[in-house]
């Protein structure tokens, strides 16, 4: 018995469209193709609405097979077979068809499954065609068609074939004729599995498929690509505007929970989509673009959609195999630091340097830090990067001729695990750096976890004699609460507060208020992103103790004496 789609998401590695089909019928259908002498063979499911779904196929299927007229034609031919095992009919202008019913039709006298062979140009089928169809039909009828692992949809291998056919068809039409690839997934399938069980997850997937079919336009293609993921191809001629309307309709099918014996179970769908040929000009790139868009949609939680852009696709491509390369970079000491000077506004002298982690990825060049650091956090690798940068920064600071402060940004995930204090203590012991020279900075934009645990861990770090700072202050969502709770020495004001100083009175007033608040709490301020003398003068006049930015020096590669550290 095969596994269920819900179970697949637990047991399989992340799916790839190009993976070989696990369906054992693939070889059987290819043999049937040769035995019939046809151009294509297919197992069809034709519901009451007359639009065929391709359950299994081999060969190049005619485009007309995806239309409502095809279902009506097959229904009519099947009704006229007069007790014969087979039916046959001309199939549109260039094709002929023979077929055999598989499953008995439902009470509406319409829906059913059919095994068919098609031949181009009306040529004759081989004499063995009918016997071969009958043998395969009997085998299919004897299988458990309701097996839990199947969604009765085409698989990844068939999806690629149909996608290529869509591209070929569209290429023969006018330049304005386009179509879209929509990559869908059932959000939080692993959580549904854990909470309700695989059987319930399969029922939700089945209902999702039923609702999907009800909103797709005639001529659209729907397939299951594993692990709760689906692919939709819109009919050629579907514009980007129409696709967005369709995507929104697809997301709306989850507005009503799935009614089950245990009660109504809610679910949501995320979608990423790309348009041919605007977003990509071949099948693999079109798939890649839609997958990149879906990845971005998933970052925002369930129920979102994104259209592919060049930037999203490029970022996704960069992160492909990123984990392996990033681990190798840590092992091979391929990371490096850049240093940003921190200047005392009163004395105009450098009092410290912020260590900025950088990575030169082989074959890609220098990777944007926000990209690989965000990925490292999501992949559970951030602690390895933080350990490297903290140890390297402390060792570098020991080589400076002057005992300046060294500031190192670490991820707040260390707080939740209560491992930051032991790490800092170990590195200080190993390197011999005086604790008072080290400042640990945690970004305001990241969650700190439970406040009691974070407070306890930060207190342990501060008890070592190390300074603590909140970085990107004002860019997060709970700045004032964190000022109240945590034992901080400094707040580093986000550059968004600095760039409009002297130009926007509201920006000025917000800055004045923050500086006043910091003084009342006995916390120093460091303003980031200072780029003009006017900004520098305003900050100095209003009591901002430290500044950093391109006015004072751009980041430089690690050195024994970064910038003018000794002036």
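Here are the numbers:
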item	result
Which numbered condition residue 483 misses (of (1) on the phi > 0 side of the Ramachandran plot; (2) touching a strand residue (DSSP E or B) at 6+ places or on another chain (Cβ under 9 Å))	(1)
Residues of region 496-513 classified as within 23 Å of residue 440 (Cα to Cα) and modelled with pLDDT under 85, total	2
Some residue of region 145-155 being at pLDDT 70 or above, buried (at least 21 other Cβ atoms within 10 Å of the Cβ) and out of contact with any strand residue (DSSP E or B) (no Cβ under 6 Å at 6 or more places or on another chain)	yes
Top-ranked residue of region 1-36 - restricted to ones that are modelled with pLDDT of 50 or more and touching a strand residue (DSSP E or B) at 6+ places or on another chain (Cβ under 7 Å), ranked as farthest from residue 96 (Cα to Cα)	25
Index of the failed condition, residue 83 passing every other in (1) within 33 Å of the chain's Cα centre (by Cα); (2) farther than 30 Å from residue 278 by Cα; (3) modelled with pLDDT under 80	(1)
All positions within region 321-347 that are assigned to a loop (DSSP other than H, G, I, E, B) and in contact with a helix residue (DSSP H, G or I) (Cβ under 9 Å, 6 or more places away or on another chain)	333, 334, 345, 346
Residue check, residue 478 surrounded by fewer than 19 Cβ atoms within 10 Å (Cβ to Cβ) and modelled with pLDDT of 85 or more	no
Subset of region 546-565 [outside any loop (DSSP other than H, G, I, E, B) and at pLDDT 85 or above]	546, 547, 556
Any pair with Cβ under 8 angstrom, 6 or more apart, that starts in region 71-98 at a residue that is in the same structural domain as residue 113 (by TED's automatic domain parsing) and ends at one that is exposed (fewer than 11 other Cβ atoms within 10 Å of the Cβ) and part of a helix (DSSP H, G or I)	none
Counted residues, region 167-193 - those being at pLDDT 80 or above, surrounded by fewer than 16 Cβ atoms within 10 Å (Cβ to Cβ) and farther than 24 Å from residue 251 by Cβ	2
Residue 303 being within 11 Å of residue 181 (Cβ to Cβ), touching a residue at least 40 places away in the same chain (Cβ under 8 Å), in contact with a strand residue (DSSP E or B) (Cβ under 9 Å, 6 or more places away or on another chain) and not in a helix (DSSP H, G or I)	no
Qualifying positions in region 349-362 - surrounded by fewer than 21 Cβ atoms within 10 Å (Cβ to Cβ) and out of contact with any helix residue (DSSP H, G or I) (no Cβ under 9 Å at 6 or more places or on another chain)	349, 351
Index of the failed condition, residue 217 passing every other in (1) assigned to a loop (DSSP other than H, G, I, E, B); (2) surrounded by 14 or more Cβ atoms within 10 Å (Cβ to Cβ)	(2)
Check on residue 470, closer than 21 Å to residue 545 by Cα, modelled with pLDDT under 95 and buried (at least 18 other Cβ atoms within 10 Å of the Cβ)	yes
Subset tally (residues that are in contact with a strand residue (DSSP E or B) (Cβ under 6 Å, 6 or more places away or on another chain), closer than 24 Å to residue 138 by Cβ and outside any helix (DSSP H, G or I)) for region 42-84	14
Criterion: in the same structural domain as residue 389 (by TED's automatic domain parsing), surrounded by fewer than 18 Cβ atoms within 10 Å (Cβ to Cβ) and touching a helix residue (DSSP H, G or I) at 6+ places or on another chain (Cβ under 8 Å) - qualifying residue of 508, 540	508
Tally of residues being in a loop (DSSP other than H, G, I, E, B) and at pLDDT 75 or above across region 87-114	3
Boolean, residue 275 is in contact with a strand residue (DSSP E or B) (Cβ under 6 Å, 6 or more places away or on another chain) and free of Cβ contacts under 8 Å to residues at least 60 places away in the same chain	no
The lone exception for residue 343 - which of (1) touching a residue at least 60 places away in the same chain (Cβ under 8 Å); (2) farther than 20 Å from residue 468 by Cα; (3) surrounded by 16 or more Cβ atoms within 10 Å (Cβ to Cβ) it fails	(2)
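Listed here are the residues, each with its yes/no results for (1) farther than 22 Å from residue 164 by Cβ; (2) at pLDDT below 90.
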residue: 195; (1), (2): yes, yes
residue: 199; (1), (2): yes, yes
residue: 208; (1), (2): yes, no
residue: 216; (1), (2): no, no
residue: 221; (1), (2): no, no
residue: 225; (1), (2): no, yes
residue: 247; (1), (2): yes, no
residue: 250; (1), (2): yes, no
residue: 268; (1), (2): yes, no
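The values are calculated or read from the model by the stated rules, or taken from the named source; none is laboratory data. Computed from a predicted model, the values in this text were never measured in an experiment. Note that we place each Cβ from the backbone using ideal geometry, even for glycine, and neighbour counts take in every protein chain shown.
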